[in-house]
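Peer 1: The structure's right below; bear with me while I get my questions together.
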Amino acid sequence: MKKNFFDTFSDWAACFTGSPGAFIGASILVIIWAATGPLFKFSEVWQMVINTGTTIVTFLMVFLIQKAQNKDSKAIQIKLNELIAAHENASNRIVDIEDLTEEELDELHKFYEKIGKLPKKAAGSPGTRSIDSQAESS
C-alpha cells in the first residue's frame with residue numbers, strides 16, 4: 001500500500017515528536033533560550049523568539065495530532081466492526097454508531113448499563129445481550 005507524502009511525513013512526525021530525543025531536544029532549546037536572556041537583556045525580541053517558535057510548532061502539531069488521532073480511531077473502529085461481524089449474536093446495527101448524535105449515543109450507553117446490571121439469567125447468556133436480542137424480547 002503506497003502512502004502519499006503527507007501520510008509518510010505525519011507518521012514520522014508523530015513518532016519523532018513522541019520520542020525521548022524530541023523532548024530532550026526541545027528542553028535543550030528552552031535552556032539555551034533562557035541562558036541567553038541576560039545576553040539579550042531579556043528584551044521583547046528575545047521573548048518573541050520563544051513565543052513565536054512555540055506558537056508555530058503548536059499550531060502545526062495540532063494538525064499532525066489530529067491526523068494521527070483520525071487514523072487510530074478509524075483503525076479501532078474497523079477492528080471493533082470485525083469483532084461485531086465475527087460474533088453471531090452481535091447486532092450489526094451497532095457497526096455504524098459513530099454516526100449517531102451524542103444524545104443517541106447516550107441512550108445506547110444507558111441501555112448497555114442496564115443490561116450490564118442484570119443478572120446473567122435475566123439478560124440471557126452473554127451472547128444474547130445485544131440490542132437486537134433485547135428488542136426481540138420486549
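Peer 1: If a residue has to be at pLDDT below 90 and either among the aromatic types (F, W, Y) or not assigned by TED's automatic domain parsing to the domain that holds K71 (or both) to count, how many in segment 7-22 make the cut?
Peer 2: Number of matching residues: 0.
Peer 1: Pairs needed: first member in segment 1-29, of a type in the set (F, W, Y); second member anywhere, in a helix (DSSP H, G or I); C-beta distance under 8 Å; at least 6 residues apart or different chains.
Peer 2: Going by the 8 Å Cβ cut-off, the qualifying pairs are F6/K67; F16/A22.
Peer 1: Let me ask another. Any chance segment 73-84 includes a residue that's over 29 Å from F6 (Cα atoms), within 31 Å of the chain's Cα centre (by Cα), modelled with pLDDT under 90 and assigned to a helix (DSSP H, G or I)?
Peer 2: yes
The values are calculated or read from the model by the stated rules, or taken from the named source; none is laboratory data. Everything numeric here is computed off the predicted structure, so don't read it as measured data. As a convention, Cβ positions derive from the backbone with ideal geometry for all residues, glycine included, and neighbour counts pool all protein chains shown.
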